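The values are calculated or read from the model by the stated rules, or taken from the named source; none is laboratory data. Keep in mind that this is a model prediction, so the values were computed, not measured. Here the Cβ is made from the backbone with ideal geometry for all residues, glycine too, and neighbour counts use every protein chain on show.
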Amino acid sequence: MEYAAHILVVIGIYAILGLSMNLIAGFAGLLSVAQAGFYGVGAYVAAFLALQFHTPFVLNLTVSAVVAGGLGFVVGGPSLRLRGDYLVIATFSFQVIVLGVFTNWTSVTGGPMGLYGIPPVHVLGSAITSPLGFLVLVAATAAIVLWIASRLARPPFVRTPKAIREDHVLAAVRGKNVARTKLSLFVVSSAMAAVAGVLNTYYMRFIDPSSFTVMESIFIITIVIVGGAGNLYGPIVGAVVLVLLPEILRLMGIPSAAAANIRQILYGLALVACMLWRPQGLIGEYAFGREATPK
Amino acid sequence: MTSLVGMQSLSKHFNGVVALADFSCAVAEREILGLLGPNGAGKTTLFNVLTGLLAPDSGAADFKGTALIGRPVHKIANLGIARTFQNLRLIRRITVLENVLLCFKNQPGENLFNVFFRPGLCKRHEAGIREKALELLQTAGLADKANDLADNLSYGQQKLLSIVCCLAADADLLLLDEPIAGIAPEMAERILAIIADLPNQGKSAIVIEHDIDALKGIAHRMIFMDAGRKICEGAPDDVLNDPRVIEAYLD
């Protein structure tokens, strides 16, 4: 039971990350590899506040989302002028900088040792320490994030991002403010990723920089691509499949030392298989990287 | 007649190739201007300059008294200039109806704040434009295709749709780049009828078209250009009888 609850909590956190990534990659066709950076910003801000000021969960969640959203605004402003490979490089540099800060700003982030001893979430005076209790919290948060994403994934709002991902020049000729639309989505996406980070902090009650590397960003992209970019529920399907996939190894009795490596191979295979045979993902509609934008 | 759009001495070079050279003209309200000229004469370049896709090397352009040069593409569109493309640009992976809906201006539901805090407003506006879009498609004879992907329309229907999109934008000036090139005569008739009706709705248009007979039927005035320059300008019959035009088209 504990085990099942744990798996579901992990799925919930990755579903939120996938939903956040889908807003920019799926709907607007913008590939960013900075998602783990924003995920980490949320995690560190919440951990810092909880440890230093003993502020409650809801406040820390709000502050983290606002900080990450603000950072998204600052980073997105200049980098969203770029497209394709150039955007990947710009977001990659942000990802590297953020990780550098996590690792080296020891007085605030604890450096490579990370931050530990984070207090549990208190709801109505009682601490949530069991995976089952935390699952309720994650499910509720994921539901709110899904609701926000659903508002953005339907017309009239979604029409402009869809137009941008296919032909950004035409979208502008049609009178759409391309820069503002992309930036709006990027800010919301960054804040959402931070929410996942806050949940991670309170669930593990320990964080260190290794959870927020570019590999994590790529894993989040894999969730979106495997699940189905541009479909509201695609990232949820992706999170379920990719979190459960390595669990099969555990059931097969493969030793844990080998399992970690095999897991990386599985993720790589899933991504390559999708790109080759099902570019729109399991339930998606948008073949990422296949639908070239006209000059 | 008051002038809707004016262009003064526009020039544009691409690596030494002249696309526009000291080009000036004006279009009045409710006027259809036909633009003639051989390939490479600079006609499409002119449209790209007017819509903000290209910055001219020199010169000025204004629309309803507002300077156009240096203004961002989407702002120019929202002033009331809509265009079609010679190589037919549509958002192909969304439906015909969505393509039309995309073109309505000032939609409250495109704003993040409104999406979350004024959903009622967004919903009402969306319902309103949906009705108007269906009406436009009905008039154009595309109503039965409303829910098809734009990509699945025939070439002629796509050209028709791109003009319906300009109508949805409720632009005062339409820049139409070869609206009937390469399509069946019956569809061409439908498109020409829509263009001919624009002045009755208070709209103006600049039409690039190689089909001289068709252009003659709808244009109030014509300009013939070559190598980026305006060669002659006037009533359709005068322009078409100008020896320089005859020479260019017989070559």
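Results, tabulated for the structure shown:
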quantity: All positions within the range B:217-238 that are surrounded by 17 or more Cβ atoms within 10 Å (Cβ to Cβ) and either in a helix (DSSP H, G or I) or in contact with a Ser or Thr (Cβ under 9 Å, 6 or more places away or on another chain) (or both); calculated: B:I218, B:G228, B:K230, B:P236
quantity: Selected residue (criterion: farthest from the other protein chains (Cβ to nearest Cβ)) from residues of the range A:168-219 that are buried (at least 21 other Cβ atoms within 10 Å of the Cβ) and not in a helix (DSSP H, G or I); calculated: A:I207
quantity: Members of the range A:152-167 found to be more than 7 Å from chain B (Cβ to nearest Cβ) and among the charged types (D, E, K, R), listed by number; calculated: A:R154, A:R165
quantity: Filter result for the condition that a residue is assigned to a helix (DSSP H, G or I), more than 11 Å from every other protein chain (Cβ to nearest Cβ) and modelled with pLDDT of 95 or more, over B:L97, B:L136, B:L101; calculated: B:L136
quantity: Some residue of the range A:133-151 being among the basic types (K, R), crowded, with 22+ Cβ neighbours inside 10 Å and either away from chain B (no Cβ under 14 Å) or not in a loop (DSSP other than H, G, I, E, B) (or both); calculated: no
quantity: Close pairs from the range B:201-212: first within 18 Å of B:A248 (Cβ to Cβ), partner among the charged types (D, E, K, R) and not in a strand (DSSP E or B), Cβ under 7 Å, at least 6 apart; calculated: B:I208/B:K43; B:I208/B:E178; B:E209/B:E178; B:H210/B:E178
quantity: Any hit, the range B:172-186, residues being under 20 Å from B:V96 (Cβ atoms) and in a helix (DSSP H, G or I); calculated: yes
quantity: In the range A:1-47, residue surrounded by the most Cβ atoms within 10 Å (Cβ to Cβ) [restricted to those that are aromatic (F, W, Y) and over 19 Å from A:T213 (Cα atoms)]; calculated: A:F27
quantity: Residues (of a type outside the set (G, A, S) and surrounded by 21 or more Cβ atoms within 10 Å (Cβ to Cβ)) located in the range A:50-67; calculated: A:F57, A:N60, A:L61
